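**Student:** Quick one: structure below, then a few questions.
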Amino acid sequence: MRKEYLVKKMIRYMVVLIVLLSLVLAVYAFSSYHVLSDELRKEEESILQVYGSTLEGRLTQMDGVLQNLLLQNYNEFKLLKSSSETDRFYALQDIHNYISDVILNDNGIGALVVADTDYDLCVDTQSSTVSYWDREALRQYTLQCAAQSNVPKTWRFITLNERPYLFKTYVYDGRAVAAYTPTSDFLANIPGGGERAQTLALTDPAGVIVDYIGEGLADSQIGVAVDDLSALWVKTVAHPLADGQVILRLHIQNVLVWNQTRILMAGVLAVILITLVFGALIVRYAQREMVRPMNRMTEAMRRMDAGEYTLRIEGDYGTHEFTHFKDTFNRLMDVIVRLRIQTYEKRIELREMELKSIRLQLKPHFFLNAISTITSLSTQGKTKEIATYVDALSKNIRYMFKSGLHTVPIVEEIRHIENYFTMQECKYPGCIFHFIDLPQRLGHWRIPQMLIQTIIENEYKYAVSVDSVLTLLIHISKETYQGEEMLLIRIEDDGKGYPENVLQYMNGTAPRPENDGERVGLWSIKRMMALMYDRENLIALYNIEPHGCVNLIHVPAVAVHEYREKTSSPA
């Protein structure tokens, strides 16, 4: 079967589609551009004139309420500064009754507030749309205005308690009279102002958006200047209110233009239908020649990624591109699998070599100490102690060279530790008191061989003194550590503690100094734990007050990497 290049076929189809779409756009633009532009501008101005007159009337009405409040309650306002508490109380009652009647009869005002600074008085009433916390914010702000002397007598915007208000304040002689209305209630006076294609926005004289109704703006654009918004697809007309103190802006989207367009040319409709049919053909072709092959390839790749490395992309494809892609991908997958196997084998080999190296560091460390002890006892003529020591040493040697797992049950490690204490008692008689707390239910938990042994050796090397008795406690428990149930080995003594540099590199806060021959055993078990369990934070060392140290070792239930020595066959 003759195969076509997919790219060439798609280019031919797309060229035809672009020509058809260009023809549609040209016909539409030529027939509607000039007429719609003029009609849209005139319609915006007419609509905004109607809306603006409605809101202008509301502002005039609220301003009249404020002036009537000042005139008709003149005597009550004077009594607010009276030295008589009774006069002030009745004056506040009269003012409250008056403004309550005003709010009751005029629900267009959100709140009326009267404040006087002489006696820190404040009386207010509000509509049902103003909550208790909004009311408290309005009272506090009005009291602040009363304490000022240069408050402008203009309509302004303020945001209190995360809610924008349009307000006007009269301030004189430490007294403030203010009318507030939420901007959402103010815009609600516009009939039909929330139509989908129209957006009405309130701005201050600088053009900063305070509130809006409609869907042409977003809440994130409140507080942004109108000039900073790029909206080339809408028409905007501004109408000043109250001599420019408040600006009402109308944004009409192209949706309204489309709704008002009544003339559709028959030729445009025909071209659109042809375009749709041709587009359907392209979709069908893409589905058959692109989507289905890609789905088959994607499913095969997903299965390979899940672990089916022997799976390959199969099938016969109708284009040169997909056929070439299939063959190339299968060849690359073969290469990747081979390289991956080689990499894993090399990584495992390196891990086993490093584990062997660590074990070789631990065992000579123990034997050198043992030889040194026997030599010391011999020079002191302690024949009996040497016999006891050699007997215990033989048991330790059988344990250490015991063929099998790199991990052992902790109860086996503890028996080895008890035997080790017997050995060291020959060298340091009466110099150490030890106590081991191992619950029977935890005796089966497997830990790296020689883990506790190495810590105890370190104690004898750096903490035991012939001049004093060292107390050594080993406590075994189980706890949840980093979301996983682990065995906790706590080894604590009352010696002189660790040097600061040892604490730093063992706890991971500083690197281990190069060529540092001290504390080789400690560093070896830290590295061994990291290799076996793929974690760096299983061992922590701390000094305690007044003296001594604590070794905390967390052991997971299963080792990630465990080296098993092969048992040699008998000759």
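**Student:** How about region 514-544: which of its residues are open to solvent by 30 Å² or more (accessible area, probe 1.4 Å) and either among the β-branched types (Val, Ile, Thr) or at pLDDT 90 or above (or both)?
**Tutor:** 520, 542, 543, 544 - these are the residues of region 514-544 that are open to solvent by 30 Å² or more (accessible area, probe 1.4 Å) and either among the β-branched types (Val, Ile, Thr) or at pLDDT 90 or above (or both).
**Student:** Please state which one of 190, 209, 213 is in a loop (DSSP other than H, G, I, E, B), of a type in the set (A, V, I, L, M), surrounded by 19 or more Cβ atoms within 10 Å (Cβ to Cβ) and touching a helix residue (DSSP H, G or I) at 6+ places or on another chain (Cβ under 7 Å).
**Tutor:** 190
**Student:** Looking at region 354-363, can you tell me whether even one residue there is farther than 30 Å from residue 440 by Cβ, modelled with pLDDT under 80 and surrounded by 18 or more Cβ atoms within 10 Å (Cβ to Cβ)?
**Tutor:** yes
**Student:** Right, another one. Only residues that are within 14 Å of residue 446 (Cα to Cα) and either of a type in the set (Val, Ile, Thr) or in contact (Cβ under 8 Å) with a residue 60 or more places away in the chain (or both): list them for region 474-489, please.
**Tutor:** First, the residues of region 474-489 that are within 14 Å of residue 446 (Cα to Cα): 476-478, 485-489.
Within region 474-489, 476, 485, 486, 487, 488, 489 qualify.
**Student:** Take region 395-413 and flag every residue that is hydroxyl-bearing (Ser, Thr, Tyr) and either open to solvent by 60 Å² or more (accessible area, probe 1.4 Å) or at pLDDT 80 or above (or both).
**Tutor:** Of everything in region 395-413, those that are hydroxyl-bearing (Ser, Thr, Tyr) and either open to solvent by 60 Å² or more (accessible area, probe 1.4 Å) or at pLDDT 80 or above (or both) turn out to be 403, 407.
**Student:** Moving on to the next point. Which residue out of 447, 436 is hydrophobic (A, V, I, L, M, F, W, C) and either free of Cβ contacts under 8 Å to residues at least 60 places away in the same chain or over 21 Å from residue 409 (Cβ atoms) (or both)?
**Tutor:** 436
**Student:** While we're looking at this one, here's another question. Under 6 Å between Cβ atoms, which residue pairs at least 6 apart in sequence (or on different chains) link something in region 53-82 that is open to solvent by 50 Å² or more (accessible area, probe 1.4 Å) with a partner that is assigned to a helix (DSSP H, G or I) and hydrophobic (A, V, I, L, M, F, W, C)?
**Tutor:** That search, which allows pairs on different chains as well, returns 79/91.
**Student:** Among all residue pairs at least 6 apart or on different chains, which show Cβ distances below 9 Å where the first residue, located in region 312-329, is open to solvent by less than 40 Å² (accessible area, probe 1.4 Å) and the second is of a type in the set (S, T, N, Q)?
**Tutor:** Qualifying pairs under 9 Å: 313/330; 317/323.
**Student:** Consider residue 15 against the criteria (1) β-branched (Val, Ile, Thr); (2) at pLDDT 85 or above; (3) surrounded by fewer than 11 Cβ atoms within 10 Å (Cβ to Cβ): it satisfies all of them except one. Which criterion is unmet?
**Tutor:** All conditions are met except number (2).
**Student:** Please enumerate the residues belonging to region 93-118 that are open to solvent by 40 Å² or more (accessible area, probe 1.4 Å) and of a type outside the set (D, E, K, R).
**Tutor:** 93, 96, 97, 98, 104, 105, 107, 117
**Student:** I'm checking my understanding of the structure. Among residues of region 455-479 that are assigned to a loop (DSSP other than H, G, I, E, B) and of a type outside the set (Val, Ile, Thr), which one is surrounded by the most Cβ atoms within 10 Å (Cβ to Cβ)?
**Tutor:** 463
**Student:** Is it the case that region 371-379 has a residue that's part of a loop (DSSP other than H, G, I, E, B) and small (Gly, Ala, Ser)?
**Tutor:** No, there is no match, as no residue in region 371-379 is part of a loop (DSSP other than H, G, I, E, B) and small (Gly, Ala, Ser).
**Student:** For region 41-48, state whether one or more residues are assigned to a helix (DSSP H, G or I), over 30 Å from residue 250 (Cβ atoms) and open to solvent by 90 Å² or more (accessible area, probe 1.4 Å).
**Tutor:** There is no residue in region 41-48 that is assigned to a helix (DSSP H, G or I), over 30 Å from residue 250 (Cβ atoms) and open to solvent by 90 Å² or more (accessible area, probe 1.4 Å).
The values are calculated or read from the model by the stated rules, or taken from the named source; none is laboratory data. Values in this document were obtained by computation on a predicted structure and should not be read as measured data. No Cβ is skipped: glycine too gets one built from the backbone with ideal geometry, and neighbour counts run over all protein chains shown. Each accessible area value is taken on the protein alone, full model and side chains, heavy atoms only, with ligands, DNA and RNA left out. Shrake-Rupley method; radii C 1.70, N 1.55, O 1.52, S 1.80 Å.
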